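The values are calculated or read from the model by the stated rules, or taken from the named source; none is laboratory data. On a predicted model such as this, the values are computed, not experimentally measured, just so you know. Here the Cβ positions follow ideal geometry from the backbone for every residue, glycine too, while neighbour counts run over all protein chains shown.
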Amino acid sequence: MWKSSPTRRQFMIGCSSAVAAMAGSRLVGLSFADGTPSTAPSLTNAGRASDLIVYVFLRGGMDGLNLVAPVDDPDYIAARGVDVRLAEKGDNAGLPLANAPSGGEGRDFRLHPKAAALKELYDGGHLALVHACGLTSGTRSHFEAMDLIERGVADMKDQGLSTGWLARHMIAAAQNGSRDLVPAIGTSDSPPVSLLGFAQAAAVNDINDFSFYGDDRQRAALNQLYRASGNDGTGLSVRSAGAKALRTIATINSKLACDDKGELIPYHPEKSATYPENNDLKGPLQTVARLAKMDVGLRAAAVDFGGWDTHQGQQNYFPTLVEQLSNALAAFYNDMSRFHDRLTVVAMSEFGRRLKSNRSDGTDHGHGNVLLALGANVNGGRIFGTWPGLATEQLDSRADLAVTTDYRTVLCELLARRAGNADPAAMFPGFKGYQPLGVFKA
């Protein structure tokens, strides 16, 4: 037992469990800007100008031409084997969609048959699609494409940018007076590149494990060290960062429902929403929903859903991925029904797949893709963008669906119309000529 105030060395030795708790709670890489607890209106309060933005990244290069496609296009039919394309009838018959993108009038655009839940949202006016959308640089490298998109740029020379597009927006919002306790999260082990540079972004992989495992003595020791600590030499106040970390953990844990024995009560979604089992999106989306309902000021969440790199045997993997995405998004949207006026979900991938299927019953890295926008303030039931056509001379590099909508156009409109950003183009260096498509309501 310490007989006097613990030194840093004593703390590192005697309170190692507390440090481990932070690591286990996904607090690795987490830092907080100096400040006091938020007094700003939160998601649950009326009058907030900014939506909760949920950014779902479909990592691996999702095949947009197997998710949403003109099933009667002869170029589409000729380029793909029956197992990797949607059809007008039979086992792979797509779900008919009202409306078509500009330039695609007269074509029969359909949604993958495993996306019935998304079809319902589309028909109900809550889901919009943006086709032939993506990164204009045309790289076929997963790592380059993901990095560029998450940084909000299109040119390789901008890969060294030190912040992500969502981080820049959150920083601008913070400068306007927001002091929320947990304004932004990533649901992976560490915050994603899109939130890079926003000091208040937290990585919350599992909200049930977002805990401090030390005892009261260790907590007191931490607080004593924070009171004695100044600046750590990097410009970050050790005292404020550590204190806020402990306060955040305590606040979230105080809002977790427990039984009379102190055991956590399983989460019960609202509106009888049923999250599908054995679904990689279930946990992350439930984490977002639970934090949104805790009134801690959540305004941005970045969610990853991988596995879309279908070079071979696409028919064995793609339908399952589509079904998981469709059912999980529908469950989350139902669970969040009382927040619909303050919720917008955007789902996109780093690039699409080539028009022509390969000899392994798969598709290789391509270019243009489809983006999904979900919310009560989305102009749903429509396919936005300009359809470039699938004839060889209409393809990018004579191989891929051409990009006719820069992905930043959609994200700019999202920030301007749903997140209250007065200068959204400034969040995307090098992007010029922003013209909204009308995907989102003002």
Need the failing condition index for Asn421 against (1) in a loop (DSSP other than H, G, I, E, B); (2) surrounded by fewer than 24 Cβ atoms within 10 Å (Cβ to Cβ); (3) modelled with pLDDT of 95 or more, just the number. (3)
Tally, over segment 295-346, of residues that are modelled with pLDDT of 95 or more, small (Gly, Ala, Ser) and buried (at least 19 other Cβ atoms within 10 Å of the Cβ): 7
Hey, among Arg382, Arg299, Arg354, which residue is within 19 Å of Lys119 (Cβ to Cβ) and of a type outside the set (Phe, Trp, Tyr)? Arg382
What number of residues within segment 58-74 satisfy the criterion of being part of a loop (DSSP other than H, G, I, E, B), crowded, with 23+ Cβ neighbours inside 10 Å and either out of contact with any strand residue (DSSP E or B) (no Cβ under 7 Å at 6 or more places or on another chain) or at positive phi (or both)? 1
Set Ser17, Ser25, Ser5, Ser38: member being surrounded by 17 or more Cβ atoms within 10 Å (Cβ to Cβ) and at pLDDT below 95: Ser25
Filtered residues of segment 369-400 (kept if farther than 30 Å from Ala442 by Cβ and outside any helix (DSSP H, G or I)): Gly389, Leu390, Ala391, Leu395, Asp396, Ser397, Arg398, Ala399, Asp400
Considering only segment 156-193, how many residues are over 17 Å from Ala425 (Cβ atoms), assigned to a helix (DSSP H, G or I) and at pLDDT 85 or above? 1
Condition first: in a loop (DSSP other than H, G, I, E, B) and within 30 Å of Val82 (Cβ to Cβ). Can you find one or more residues in segment 333-351 that meet it? yes
What are the residues in segment 76-103 that are under 23 Å from Gly380 (Cα atoms), assigned to a strand (DSSP E or B) and among the hydrophobic types (A, V, I, L, M, F, W, C), if any? Ala93, Leu95
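Quick check on Ala292: is it in contact (Cβ under 8 Å) with a residue 60 or more places away in the chain, surrounded by 14 or more Cβ atoms within 10 Å (Cβ to Cβ) and assigned to a helix (DSSP H, G or I)? Outline the logic, then answer.
Working: in contact (Cβ under 8 Å) with a residue 60 or more places away in the chain: yes; surrounded by 14 or more Cβ atoms within 10 Å (Cβ to Cβ): yes; assigned to a helix (DSSP H, G or I): yes.
So Ala292 fits the description; yes.
Within segment 64-80, identify whether any single residue is among the aliphatic types (A, V, I, L, M) and either within 21 Å of the chain's Cα centre (by Cα) or modelled with pLDDT under 95 (or both), and answer yes or no. Can you show your working first?
In the first step, residues of segment 64-80 are kept if they are among the aliphatic types (A, V, I, L, M); the result is 65, 67-69, 71, 77-79.
So of that shortlist, the ones also either within 21 Å of the chain's Cα centre (by Cα) or modelled with pLDDT under 95 (or both) come out as 67-68.
Among the residues of segment 64-80, at least one is among the aliphatic types (A, V, I, L, M) and either within 21 Å of the chain's Cα centre (by Cα) or modelled with pLDDT under 95 (or both), which makes the answer yes.
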Looking only at segment 255-279, count how many residues are surrounded by 10 or more Cβ atoms within 10 Å (Cβ to Cβ) and outside any loop (DSSP other than H, G, I, E, B). 5
Just for segment 424-442: of the residues that are part of a loop (DSSP other than H, G, I, E, B) and within 18 Å of the chain's Cα centre (by Cα), which one is nearest to Ala128 (Cα to Cα)? Val439
